[in-house]
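Scroll down for the structure; my scribbles are underneath it.
The values are calculated or read from the model by the stated rules, or taken from the named source; none is laboratory data. Since the structure is predicted, the reported quantities are computational estimates derived from the model, not experimental observations. With ideal geometry, Cβ positions are generated from the backbone for all residues, glycine too; neighbour counts draw on all protein chains shown. Just so you know, the surface numbers come from the protein's heavy atoms only, side chains and all, with ligands and any DNA or RNA stripped out. Shrake-Rupley method; radii C 1.70, N 1.55, O 1.52, S 1.80 Å.
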Amino acid sequence: MRWRRVLGALVLVALLAGAGTALVRSTGPAGRPDPVEAVAASLRCPACQGESVVDSRSPIAASMRQVVADQVAQGRSPDEIRRWFVQRYGEEVLADPPARGVFLLLWAVPVLVLLGVGYAAVRTARSRGGPATCPPAAAGPAGSGPPGRTARRAWWAASLGLVATMASVAVAARQLDRPAPAAPADPVAVAVRLAQDLEQQQRYAAAAQMYGEALRDRPDDALRLRLAFALLRSGDAAGAERTSRDVLTRSPDSPDGLLVLGLAQRGTRPADAPGTLRQFLAVAPEHPAAVEIRRLLAGAPPTVGGTPTPRPAGATG
Amino acid sequence: MSRSGIPRPWWRRPPVAAALTLALAVGAALALRPTSDPATGDAASGPAPALAGTTLDGGRFDLADARGQVVLVNVFASWCGPCRDELPLLAEAERRWSDRGVRLVGLDVRDGPEAVRALLKETGTTGLVVLPDPDGTRSVDWGVRGVPETFVVDRQGRIVARQRGVVTARWLEQQVTPLLGAA
């Protein structure tokens with residue numbers, strides 16, 4: 001029986017240590033000595049999701065850092081600066097919402113649990129103790145009487161409370177939404193997401209421009225193909241042809257490269273288009289756009305569906 | 001069932017205590033849910049922040065001098081594709097309503113003079129009054145979240161409308177026409 005108690009105590013200690021660490025990490029300061037950085041870290045970038053002003057690479061966050069630096073240089077206190085931002089961006093600009101009464105619960109619950117654990121420990125100690133500490137009524141054989149059961153129940157209650165504490169800390173920590181410092185915004189990913197949004201709005205020229213900007217930072221053939229698709233959809237067949245050829249020089253069998261090139265050639269050099277499109281079909285007969293391309297080659301009017309087939313020039317609807 | 005034979009108060013019984021602790025913890029978790037209402041974030045009304053400085057062509061612009069006029073403040077940049085698309089629409093709105101006291105000023109965020117001149121030329125809006133905001137701090141003073149963003153400042157110098165993202169002809173019509181009569 002003894003080793004089980006020791007094991008139980010060890011588990012409880014581990015849980016307590018975990019809860020304590022979680023509490024400290026979710027509520028303690030991040031330890032930034034630079035005042036500008038500290039204030040910027042406490043502000044949420046309004047143009048991003050879950051990123052602080054100090055971590056975001058968006059232009060508006062850069063400007064906000066500049067404002068913070070200016071105001072720190074003017075001798076304004078961090079609280080004054082934060083208030084200035086709240087006046088302009090609302091309270092959601094604060095990375096840590098102001099501590100309200102409910103935050104006290106986050107501290108009260110662990111304290112209650114600790115008290116419970118202490119109580120349970122005392123009961124356990126008493127139930128194990130000799131007749132000197134134990135009233136005669138409780139002295140049952142091998143400690144299996146009511147005192148032992150009470151202590152066990154108290155342990156159970158305390159453990160349950162501890163688990164509840166961990167859960168509440170986990171929930172609260174997630175809602176505090178502290179930006180992860182390890183994941184700075186990737187400007188290329190942002191540009192690509194923007195471009196995809198633009199494509200969904202059928203603003204292909206603007207999307208192509210965003211893909212172009214992303215490509216300047218990260219030359220990548222997958223991105224080039226997206227650019228080529230966007231160019232094709234925006235009506236720039238020559239640009240689409242140039243971009244897809246660029247990809248095909250490195251990977252001559254790229255199905256998407258052949259697809260865009262073939263479709264672009266329908267605008268630039270119609271005689272070459274069927275050859276390229278057939279090559280595309282030979283390379284990727286299972287491609288989602290293959291059915292459409294076969295129909296196109298057979299001379300039937302294309303249907304406009306959910307396939308990635310760019311809308312050929314002249315098709316309406 | 002207590003050791004001494006005296007019944008314990010109900011709240012000291014282990015199952016009750018466990019349930020109470022659990023309820024407290026769940027309550028804490030629920031109470032910690034974000035309570036800020038996104039709608040009350042930044043009001044679209046209120047006095048417009050100051051906006052003054054040397055314009056792109058070397059002139060002077062001060063929003064305070066434009067009191068009595070309706071001013072469209074368009075926050076834009078040459079590196080922003082959607083801004084490029086909406087500039088002609090805004091310039092057209094100013095042309096259409098200029099004799100009724102509507103002015104347009106572009107706040108050019110984190111941009112270079114050459115790049116923005118090229119943009120104006122490209123979009124046929126070379127007459128636009130552009131106030132450069134090279135470090136973006138003016139935009140932050142206006143609570144700008146991204147580009148493009150457009151504010152409508154009424155004749156009393158109050159922000160009466162703001163549009164995050166591209167404006168449409170319909171939006172301009174809806175926001176500006178009610179202000180035209182109150183000269």
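Out of the DSSP beta bridges found with both residues in the stretch B:83-183, what percent are antiparallel (nearest 5)? It would help to have the intermediate numbers written out before the result.
On the way: 5 of 10 bridges.
The answer is about 50 percent antiparallel.
Hey, any idea what Rg/Rh is for the stretch B:93-146, computing Rh the Kirkwood way over Cα pairs?
Values: Rg = 12.6 Å, Rh = 12.3 Å.
When Rh is taken as the Kirkwood radius, the ratio is 1.02.
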(Q) Run the numbers for B:A64 and B:E173: contour at 0.36 nm per residue of separation, minus the present Cα-Cα distance, in nm. (A) 36.8 nm
Q. Which whole number gives the average, over all residues in A:82-91, of C-beta atoms from other chains lying within 10 Å of the residue C-beta?
A. 4
Q) What nm value, rounded to one decimal, do you get for the distance between A:A205 and B:D57 when each label is placed 7 Å out toward the C-beta? A) 2.5
(Q) Is there a quick way to get the dipole size of the stretch B:55-183? I mean about its Cα centre, with the Cβ of Lys and Arg at +1 and of Asp and Glu at -1; what is the value in debye to the nearest 20? (A) 340
Q) What ³J(HN,Hα) values, in whole Hz, does the Karplus curve 6.51 cos²θ - 1.76 cosθ + 1.60 give for the stretch A:44-53 when θ = phi - 60°, with x put for Gly and Pro? A) 8, 5, x, 9, 10, 10, x, 10, 8, 5
Q | Rg in Å to one decimal, and Dmax rounded to a whole Å, for the stretch B:82-174 via C-alpha atoms | A | 12.9, 34
Q: Round to the nearest 10 and report in Å² the accessible area of B:D141, as given by a 1.4 Å probe over the protein chains' heavy atoms.
A: 40
